[in-house]
Every structure is written in C-alpha cells, then in structure tokens.
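Here's the structure, in structure tokens; my notes come after.
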Amino acid sequence: MILDGLALSKQLRIELKERVDRLRERGVVPRLDVIVAAQDPASVAYVNMKRKWAAAAGIEGEYFEVSDTTSQDELIEQIYKLNGNSRVHGVLLQHPLPKHLDEDAALLALGSEKDVDGITPQSLGRLTAGLPGFRCATPLGITKILDHYNIDCTGKRALVIGRSHILGKPMALMLLERNATVTIAHSKTLDLADRCREADILVAAVGRAEMIKGDWIKPGATVIDAGYNKVEGRKGDVGDVHFESAVEVAGAITPVPGGVGPMTVTSLLMNAVEAAEKTIS
Ligand code: NAP
C-alpha cells in the first residue's frame, strides 16, 4: 500500500478551508507569520510553498526577513512583538536562521502559545509531559497518515532513525503515545540494518539519500520516509529509503515526494487554524 500523503493533505486542506471560512464569518482571520533567513534560497522556497498553501486555505500572514545584518536583539524584539500582537495566531521560525543568530534563544522567546510548528523547548516539554499543546508539524503529519490508513501502533515495535528535536525525538514520543514499543537509532547505533529488520513501523529521519534498502525491512512493515535529500544529477528530492527495493518488501510505504512533505505543511496550517479557533472558544 502506498501511503499517499499528498492526496490526504488535499482532503485535509479542503476541510481546513471550511474551518477558516467559519472563523472569517465570525470576524477572525487566521494569521500565520513567518521569520525566515532571506539569504537562504532553500528556506525561502519552503516558506513560499507554505505561504501559497496558507493563502489557498484563507490563512493570512506577514513575512519577516532576517539577514547577516540582523542583530540578536532585533530578532528577539520582533518575536516579542508577534507574541504580543493579538491578530497573529501562529509564528513560524523557519530553520535555519543565519549562523550568527542564536536560534535556541529565539525559540525560547517564542514560547508555546503561538508555536504552531511545535518545536520550541516549551512545546517539546509539553509533548514530553503529555500536556496539551501544538505538536511538531512533521511527526504530527506522520501520525495523521498512520491514522488515515488505520495503521495501529499498539504493541508494535517502532524504530525511529534520527534523534533531532524537530523530527526524531518528537516522533518517538508520539509513537509512544500510541502505545508502540519505541527504539531511537542514530549515527552511533550499532547493527542498524538488524534493528531495522525488527521494526513493524520504521520511520526514517536521517538525511541520507536512499540509505535504507529493501533488505533492511521486515516483510509487511510500515515504512515512513521523512527524508528529503538533494542528489547531484537527479531531479527533485530523494528520500532516506531506497523506494524501489523497499516497496517490494514493505506492507505500506510513503513515497518521496508526495508522502510526509505535504502532510508537514498541512499539519502546520491545521495548528495555525486551531490557534485562531482558540481565540474565540
Ligand atoms: P538532522 O538534524 O540532521 O538529524 C539527522 C539524524 O540522523 C541525527 O539524529 C543523526 O544522528 C542521524 N543519522 C545521521 N547519519 C546516520 C546514520 N548513518 N545512521 C543512523 N543515523 C544517522 O536532520 P532532521 O532535521 O531531523 O531531518 C532528517 C531528514 O528529514 C532530512 O532529510 C530532512 O531534510 C528531512 N525533513 C523532512 C521534513 C518533511 O517535512 N518531510 C521536515 C524536516 C526534515 P546523530 O544525532 O548521532 O548525529
């Protein structure tokens, strides 16, 4: 079974537009503002795509550029302004910021209330403690794929490869919430291929093109490929899983593109609309 994240995201964005229409009827225009490094073409491209989908769903937003000349104080001041602006419901700090800026301090300043990307230490703490809050967009999108395709995690062995704050760690916690027995692998993990072969649910969040081959996968397993990697001489993005060999063995698998990526953006927008709904509920 191919887990079609693009088709699911289209369906969810139609439902999202209906929620936005209802909010607008009540005088609330959902607004997601973005802070992005203007000199990073990849970041600008991702943000433009997010803004396009946001606009299609009726979500507005301002765009704040940071550059080599932006000081840390200016960045923090901008975040405080957005925190204090009641017309702004969500704020996205697009990673990476320019190197001279302290991204951790910026995320701490943002806090959890408007962190619709779910990546601030406060939001991650809420996830860890099992408290309500915005969940990290990429793993949240993955759980929506699992739910949509009725993939039950209870009692299953799940392996998450990658332990970043934005993906691997929150993914592991969300699978744990769904009663999977979770292992996290990383660059120091020994016998990774053997660990993969034990997994009923395998989430690849590594950033290495086609590292996970078909013969690493347990027959019938669910394989979620969160990776997108640029490979010289190849068009578009390439996943962390070698799709052609994995699709022969897996029970269910996400493609790249058209799997996790569109669900990440959709989950971010869903969180932003939820933030707007909270202002009137
Ligand atoms: P990251 O911060 O670079 O983390 C990568 C993780 O993979 C690290 O924990 C690292 O281990 C581990 N790793 C690296 N090489 C490994 C190896 N040979 N064997 C086992 N583990 C290894 O990356 P990220 O931000 O989490 O992103 C991961 C991938 O997801 C990238 O391809 C990225 O483009 C993609 N991504 C996709 C979306 C989406 O919407 N689809 C969103 C965000 C990211 P150590 O901790 O030991 O270094």
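Please treat every number below as a calculation from the coordinates, not as lab data. A quick note: this is a predicted structure, and the numbers were derived from the prediction, not measured. Every residue, glycine as well, gets a Cβ built from its backbone with ideal geometry; the counts of neighbours run over all protein chains shown.
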Mind listing which GluC sites (Glu not before Pro) in the stretch 212-281 are in a DSSP loop and have 13 or fewer other Cβ atoms within 10 Å? E232, E248
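For the chain, what does the helix formula give at 222 nm: sum of -39500 (n - 2.57) over DSSP H segments with n ≥ 4, over the residue count, nearest 500 deg cm²/dmol? Show your work: numbers first, answer last.
Working: 10 runs with 118 residues, N = 281.
Calculated from helices alone, the mean residue ellipticity at 222 nm is -13000 deg cm²/dmol.
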Return the distance in nm (one decimal) between the two label points of a simple spin-label model at A38 and E77, each offset 7 Å from Cα along Cα→Cβ. 1.6
Once both label points are put 7 Å beyond Cα along the C-beta direction, the K230-D191 separation in nm becomes 3.8
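Distances over 33 Å make up what percent of all Cα-Cα pairs in the chain?
On the way: 8653 of 39340 pairs.
For the chain, the share of Cα pairs beyond 33 Å comes to 22 percent.
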When the chain is fully extended, how far beyond the present Cα-Cα distance does L131 get from E248, taking 0.36 nm per residue of separation? 38.2 nm
With the calculation restricted to Cα positions, what are the radius of gyration and Dmax of the stretch 76-154 in angstrom? 14.5, 45
Do any of K50/K114; K144/K169; K169/K218 go past 20 Å between their Cα atoms, and which? K169/K218
Starting with the fewest neighbours, write out D21, D40 ranked by other beta-carbon atoms found within 10 Å of each beta-carbon. D21, D40
Starting from 0.36 nm per residue, how many nanometres of slack lie between E65 and M49 once their C-alpha separation is accounted for? 4.2 nm
Principal-axis tilt of helix 168-177 within the chain, Cα atoms, nearest 10 degrees: 80
For S43, S281, S267, S67, what ranking results if the residue with the fewest other Cβ atoms within 10 Å of its Cβ goes first? S281, S67, S43, S267
Kindly provide log₁₀ I(q)/I(0) values, in the same order as q = 0.12 Å⁻¹, from the Debye equation applied to equal alpha-carbon scatterers of the stretch 1-132. -0.53
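In what sequence do R234, R87 fall when counting other Cβ within 10 Å, fewest first?
Working: R234 10, R87 14.
Sorted ascending by nearby Cβ count, the order is R234, R87.
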